[in-house]
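Please treat every number below as a calculation from the coordinates, not as lab data. A quick note: this is a predicted structure, and the numbers were derived from the prediction, not measured. In this analysis, Cβ positions are derived from the backbone assuming ideal geometry, glycine residues included, and neighbour counts consider all displayed protein chains.
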Amino acid sequence: MSRIHNPPHPGETLREDILPALGLSVTEAAEQLGVARPSLSRVLNGHAAISPEMALRIEKWLGVENGGSADLWISEQASYDLWQARSKFNAKVTPAELLVA
């Protein structure tokens with residue numbers, strides 16, 4: 001199994017693909033999702049994670065048949081988070097340090 005290199009934050013997918021396809025502004029999308037505009041903006045700009053609650057809101061909003069599965073959004077967030085953690089961990093810890101611990 002090959003590893004994805006630097007997967008995008010799932011908020012980027014919402015910002016770059018979903019909102020334009022629906023012809024929605026951030027404000028309109030936030031209203032439809034039932035969240036505050038600043039909260040959605042933080043997700044769209046990669047400054048906040050897609051929480052399980054947000055994933056469920058997206059699922060209800062888009063519908064599973066349109067790529068809105070909460071499981072998909074949580075999986076995308078987990079892939080992004082793990083890649084970020086792995087890159088930071090690998091930059092800080094050498095194999096010799098792991099043997100000592």
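Using +1 at the Cβ of each Lys and Arg and -1 at the Cβ of each Asp and Glu in the chain, identify which of His5, Gln32, Ile74 lies farthest towards the dipole's positive end. The listed residue farthest towards the positive side: His5. Each Lys and Arg Cβ is given +1 and each Asp and Glu Cβ -1; about its Cα centre, the range 1-69 then shows a dipole of about 200 debye.
I'm spelling it out carefully: the read-out is volume of the Cα convex hull per residue in Å³, the candidates are (1) 127; (2) 86; (3) 99, and one was derived from this structure. Which label? Only one option fits the structure, namely (1). Please build a GNM for the chain, connecting alpha carbons under 10 Å apart, and tell me which residue among Ile74, Ile18, Ile58 fluctuates the most. Ranking Ile74, Ile18, Ile58 by mean-square fluctuation puts Ile18 first.
Computed per residue of the chain from DSSP H runs no shorter than four, each worth -39500 (n - 2.57), the mean residue ellipticity at 222 nm is -18000 deg cm²/dmol. Taking a point 7 Å from the Cα of Asp81 along the Cα-to-Cβ direction, the residues of the range 1-40 with backbone N closer than 17 Å to it are 7-12.
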